[in-house]
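Report on one structure; see the data block that follows.
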Amino acid sequence: MLQDSTPITFLATDDRETSLDFFRSVLGLNLLHEEPGVLVWDLAGIMLRMSVLPKVEPAPFTALGWLVDDIRGHCRELAARGVQFERYEPFDQDDLGIHTFPDGTQVAWFKDPAGNLLSLTQP
């Protein structure tokens, strides 16, 4: 039924200004719309609606990620912009925080200012 419908993604933040700066200046996303309780971002044609709440309890798993074709380049650029990549046991991660799964897929994880877990994936 929804196979041909465009998805919308959702995140939450409890710090509007820090999230605005992070998603705009660090991640390079375009802000489409804002009002007191929501920030709306463009994710390559997909809408990200970010609710602004008094308190956020981030999910313990990846909430949003991007498929990339040069994960090492993206990790270097994000690290230069102040992003710290997460490290998880028992994953063997390289100097940039990238883990390579047995099928060759590479993943690196980082958090936004509200603690939402984000990722980069290179198949």
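Where in the chain lies the longest segment free of chymotrypsin sites (Phe, Trp or Tyr not before Pro) that are both loop residues by DSSP (not H, G, I, E, B) and have at most 13 other Cβ atoms within 10 Å?
Counting only loop sites that pass the neighbour cut-off, the longest clear stretch is 1-60.
Which ³J(HN,Hα) values, rounded to whole Hz and listed in residue order, are derived for the range 56-69 from phi using the Karplus coefficients 6.51, -1.76 and 1.60 in 6.51 cos²θ - 1.76 cosθ + 1.60 with θ = phi - 60°, glycine and proline given as x?
So the J values, rounded to whole Hz, are 10, 10, x, 5, x, 9, 4, 9, 7, x, 10, 7, 10, 9.
Report P(r) for the chain: all Cα-Cα distances, bin width 5 Å, range 0 to the bin holding the largest distance, values in whole percent.
2, 10, 19, 23, 19, 14, 9, 3, 1
Hey, what do the phi angles of the range 20-32 turn into as Karplus ³J(HN,Hα) couplings, whole Hz, using 6.51/-1.76/1.60 and θ = phi - 60°, x for Gly and Pro?
4, 5, 4, 5, 7, 7, 8, 8, x, 7, 9, 7, 8
For helix 71-80, what angle does its Cα long axis make with the longest principal axis of the chain, in degrees from 0 to 90 and rounded to 10?
Around 60 degrees separate the two axes.
Around Met47, which amide H atoms from residues at least 5 apart in sequence, or from another chain, sit under 5 Å from its own amide H, with H modelled in the peptide plane?
Result for Met47 returns Thr9.
Each reported figure results from applying straightforward, stated rules to the coordinates on display, with no laboratory input. Just so we're clear, the structure is a prediction, and the values are computed from it rather than from any experiment. No Cβ is skipped: glycine too gets one built from the backbone with ideal geometry, and neighbour counts run over all protein chains shown.
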